[in-house]
Structure formats: structure tokens, C-alpha cells
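Worksheet: the structure to be examined is printed underneath.
The values are calculated or read from the model by the stated rules, or taken from the named source; none is laboratory data. Just so you know, these numbers come straight off a predicted model, no measurement behind them. When we count neighbours, we look across all protein chains shown, and the Cβ atoms used for this are built from the backbone with ideal geometry, even at glycine. Ligands, DNA and RNA are excluded from the accessible area calculation, which covers all protein heavy atoms including side chains. Shrake-Rupley method; radii C 1.70, N 1.55, O 1.52, S 1.80 Å.
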Amino acid sequence: MIEATAELRQQIHTWAIELGFDDLRVCDTDLSAYEAGYLEWMAQGHAGGMAYMGAHGLKRFRPETLIPGTQRILTVRKNYLPPDVAGPAHVLGTPDLGYISRYALGRDYHKVLRNQLQKLADRIQDTFGPFGYRAFVDSAPVYETGLAEKSGIGWKGKHSLVINREAGSWFFLGELFIDFPLPIDKPVTPHCGSCTACITICPTQAIVADGVVDARRCISYLTIESDEDIPIEFRVPMGNRIYGCDDCQLVCPWNRFASQAVDPDFRARHGLDAPDLLSLFAWDEHTFLQRTEGMAIRRIGWQRWLRNVSIALGNLLGSRPSAPQKVIEALNLRRGQVSDQLDRHIDWALAQSEEKAG
Ligand code: SF4
Ligand code: SF4
């Protein structure tokens, strides 16, 4: 059994920073304080179609039942805001362009963080001997917001994301479950105060209470997780957001001085920080798979991608005094080619121009 001293904890922190994480904190496995709020969120239907969220029952609050023998959880955070990209305000204010959530512009973070967590475990093992562990990155059975809060990585903001006083909220989280009792860190106090900027700015009013997001209204869920038709009421508010939404983070005062990513893996690829919508809509499936190789975007698949872009094109048509003919032609060209679902979204998009004319 590894001797779990404060020196060892400090050594693990040093290695984590050397490996490319921006922080590492430690907590125990008692997440019982979060159970009631989560069950209420599920009961209200706020998880939308993410049925997998409930699949592990209360295991997400009892890590030692998910991975027997777990005594501590190391939570790491890693900044992802890509440097040298087009300003979000410019992209969101230019209807010909598509807005992609800043976290998705570089390499798939699941792979990056999992590799680094594995390296961290290897270093501990090589130096201090064998131990039991399991790495998780954005994994359904792990309540990572609670772990990040409990270990002092940050507090859960009213938009439900974790905020760090020095770094803001543009970071990924990952966890290493371990089977020895490393000294734990303290939680930090919340600092949202009386601010409600994220609640006010949300285009679809998805933040229904402090720290509670109704996924069924959230553009991130609708454009990434949901494979259903985008509900009509949210299509105009979506604007040109074609993959995720960052509005609640962009407005957050704690992100004014947020750190940028230094990891080259998170640099924006293929000009996707400010892509031309018509070019994206012209991609065939092969091009989609090729351009998004190694990126999280690829997970949604080509059809969902086109669905999202077609809505943005509809909003482009709705924004112009006279409809650009090439947009109408591009939409008509795709009709009947891919799926009934895409045709329904194309029809809606074309109607935005007609509605305006009428
Ligand atoms: S991601 Fe966008 S839609 Fe979702 S809660 Fe934040 S501002 Fe609202
Ligand atoms: S915008 Fe304001 S209320 Fe929302 S998370 Fe940031 S500080 Fe908290």
C-alpha cells in the first residue's frame, strides 16, 4: 500500500502540472450532499433525452461502489480556450458564419485528458509502487461538477459550470479514482453573488434556477446530444450556433481574465473558429469525417451537423432584406438527398425567407 503523505500529494500535483494540467485537487468519495438536487433535476425531466445519465443510478454519488476500493478522487482541470481565434462576438454577429463552441475547435479533449491521466498514474506507479486506479473524462457515471467543487477546483456557477477564481470556466475536467487515502483539499466558497448575467443572456432561457439548466432548452444539448428535430421555438434563438453554445460563459465576469490553452492540441483546426456556413453545408459525409478527424465534433455525425447548419442558414435568410439566392439554391440542392429530418429543417429554413417577404 502506498504511504499517503502530504509530500506525496505535493509530488503528484507537481507531476500533473508537468504533464500539462493546470491544476489538481483531491477529495474523498462522499457526494451524498449532491444526491437530492440531482434526483430532482432528473425528476423534472431536465436531462432531456440523456437517459444514460440515470443508467448508473446513485453510483455517480458513490464512487466507491462504481470502482470498489476507491478512497480518493484526483480532479484535474485543463484550460481549453484556443489562442489566435476569431472573436466570438464577431462570429455570433455575422450570420454568414457558424459559431462552434470554443471547447470543440481543437483535438478531442477526451483523448488528450485520458492520455495525460494515464501518464500521471504511470508516474505514481513507477515511483511509489502499484496501486488501484481508474481514469474518467466526461463520463456518465461520474459527478464531476460535485467532485470539482468538493476538491476546491472551483464552485458551480449559476450556469451550472465550474468556475475558478483565477482561471474562469474555460477548462476541461478529468478524474483519477485511486485506492489510497491521499490528504484532501478544501472546497472554495461560491462567488456568483447577485450576478445573474448568464441567466439573462441565455438565448433560450435554459437556466431555470441557480445552477439548474434544463437540457431540453439548452442549445448545447439540442445541437450536440439530441438527435431529434430541433424544436421550432428554439430555432430562431439558435442564430448561427451550429455546435454548442458559449453565451453563458462569454458573459460571465469571471471569464474576463480567463487563461488561454497552452496545449497545441487545443488550437483551432481548419478555420472552424469562423467557418462560412455555405461551405460547411456543401461538405459531403466523407469531407465531414475527414475535416473533423480527431475532434469531438465528429461524434455528432454528418446528418446532425447538416441539421444544425440548415437552421443557421434559415436564420441567415431571415436576417437579410433580400434573400441571397445562393443560400436558397444550396438548401434546395440538399433536399431529398439525406434524410426526412434534414428535409424538414430545410423547409423551415427556406420558409424564413418567405416569412420575411410576406
Ligand atoms: S449553453 Fe447557451 S443555451 Fe445552454 S444554458 Fe448556456 S447560454 Fe443557455
Ligand atoms: S455570469 Fe454571473 S451568475 Fe452566471 S456563472 Fe458567471 S458570475 Fe455566476
Checklist (1) more than 16 Å from ALA104 (Cα to Cα); (2) open to solvent by 20 Å² or more (accessible area, probe 1.4 Å) applied to ARG298, failing item: (1)
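How many residues are more than 30 Å from MET295 (Cα to Cα) and assigned to a helix (DSSP H, G or I) when one looks only at the range 306-327? Explain how you work it out, then say what you get.
Residues of the range 306-327 more than 30 Å from MET295 (Cα to Cα): 318-325.
Those still in the list that are assigned to a helix (DSSP H, G or I) too: 318-319, 325.
Number of matching residues: 3.
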Which pairs do you get when a residue that is open to solvent by 50 Å² or more (accessible area, probe 1.4 Å), found in the range 85-99, comes within reach of a residue that is aliphatic (A, V, I, L, M) and part of a loop (DSSP other than H, G, I, E, B), reach meaning Cβ atoms under 9 angstrom, with the pair 6+ apart or on two chains? HIS90/ALA274
Could you please find all residues in the range 323-346 being within 18 Å of LEU97 (Cα to Cα) and among the small types (Gly, Ala, Ser)? ALA323, ALA330
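Could you please let me know if LYS156 is open to solvent by 30 Å² or more (accessible area, probe 1.4 Å), away from ligand 1 (no atom under 16 Å from the Cβ) and not aromatic (Phe, Trp, Tyr)? Before the answer, list the steps.
Numbers: open to solvent by 30 Å² or more (accessible area, probe 1.4 Å): yes; away from ligand 1 (no atom under 16 Å from the Cβ): no; not aromatic (Phe, Trp, Tyr): yes.
So LYS156 fails the test.
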Flagged in the range 143-191 as more than 14 Å from ligand 2 (Cβ to nearest atom), among the aromatic types (Phe, Trp, Tyr) and over 15 Å from the mean Cα position of the chain (by Cα), in numbering order, are PHE177, PHE180
Counting only residues that are more than 9 Å from ligand 1 (Cβ to nearest atom) and either of a type in the set (Gly, Ala, Ser) or not in a helix (DSSP H, G or I) (or both), how many does the range 230-246 have? 6
Which of the following residues is of a type outside the set (A, V, I, L, M, F, W, C) and either over 29 Å from LEU58 (Cβ atoms) or in contact with a Ser or Thr (Cβ under 7 Å, 6 or more places away or on another chain) (or both): GLY168, GLY174? GLY168
Mind listing whichever residues of the range 205-214 are surrounded by fewer than 20 Cβ atoms within 10 Å (Cβ to Cβ) and either of a type in the set (Gly, Ala, Ser) or over 16 Å from the mean Cα position of the chain (by Cα) (or both)? GLN205, VAL208, ALA209, ASP210, GLY211
Please find, within the range 131-143, the residue that is nearest to SER169 (Cα to Cα) out of those that are open to solvent by 40 Å² or more (accessible area, probe 1.4 Å) and at pLDDT 95 or above. ARG134
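Sort through LYS119, LYS111 and tell me the only one that's modelled with pLDDT under 95, of a type in the set (Lys, Arg), at negative phi and open to solvent by 30 Å² or more (accessible area, probe 1.4 Å). So that I can check it myself, show each step before the final result.
Numbers: LYS119 fails: modelled with pLDDT under 95.
Criteria check complete, one pass: LYS111.
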Would a scan of the range 69-79 turn up a residue that is farther than 17 Å from GLY174 by Cβ and surrounded by fewer than 19 Cβ atoms within 10 Å (Cβ to Cβ)? yes
Cross-chain or 6+ apart pairs with Cβ under 7 Å, the range 309-334 first and more than 18 Å from ARG235 (Cα to Cα), then among the β-branched types (Val, Ile, Thr) and open to solvent by less than 30 Å² (accessible area, probe 1.4 Å): ARG334/ILE346
Which condition number does THR200 fail, the rest of (1) over 19 Å from ALA33 (Cα atoms); (2) within 16 Å of ligand 1 (Cβ to nearest atom); (3) polar (S, T, N, Q); (4) under 17 Å from the mean Cα position of the chain (by Cα) being met? (4)
Got at least one residue in the range 199-222 being within 12 Å of ligand 2 (Cβ to nearest atom) and farther than 30 Å from GLY45 by Cβ? no
Within the range 237-252, take every residue that is open to solvent by less than 10 Å² (accessible area, probe 1.4 Å) and aliphatic (A, V, I, L, M) and give me the one that is farthest from ligand 2 (Cβ to nearest atom). ILE242
Out of (1) over 16 Å from GLU144 (Cα atoms); (2) open to solvent by less than 20 Å² (accessible area, probe 1.4 Å), the one GLY45 does not meet is (2)
Please pick out the residue among GLN303, GLN290, GLN249, GLN260 that is part of a helix (DSSP H, G or I), under 22 Å from ALA197 (Cβ atoms) and not aromatic (Phe, Trp, Tyr). GLN249
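Yes/no per residue for (1) modelled with pLDDT under 95; (2) within 27 Å of GLY152 (Cβ to Cβ); (3) out of contact with any Cys (no Cβ under 7 Å at 6 or more places or on another chain); (4) of a type in the set (Gly, Ala, Ser):
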residue: PHE234; (1), (2), (3), (4): no, no, yes, no
residue: ARG241; (1), (2), (3), (4): no, no, yes, no
residue: CYS248; (1), (2), (3), (4): no, yes, no, no
residue: PHE257; (1), (2), (3), (4): yes, yes, yes, no
residue: PHE266; (1), (2), (3), (4): no, yes, yes, no
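Just a yes or no: is a residue in the range 51-66 within 17 Å of TYR221 (Cα to Cα) and open to solvent by 50 Å² or more (accessible area, probe 1.4 Å)? Walk me through how you get there before you give the answer.
Going residue by residue through the range 51-66, those that are within 17 Å of TYR221 (Cα to Cα) are 51-54.
After this cut, where a residue has to be open to solvent by 50 Å² or more (accessible area, probe 1.4 Å) as well, the list is 51-52.
Yes, the conditions are met somewhere in the range 51-66.
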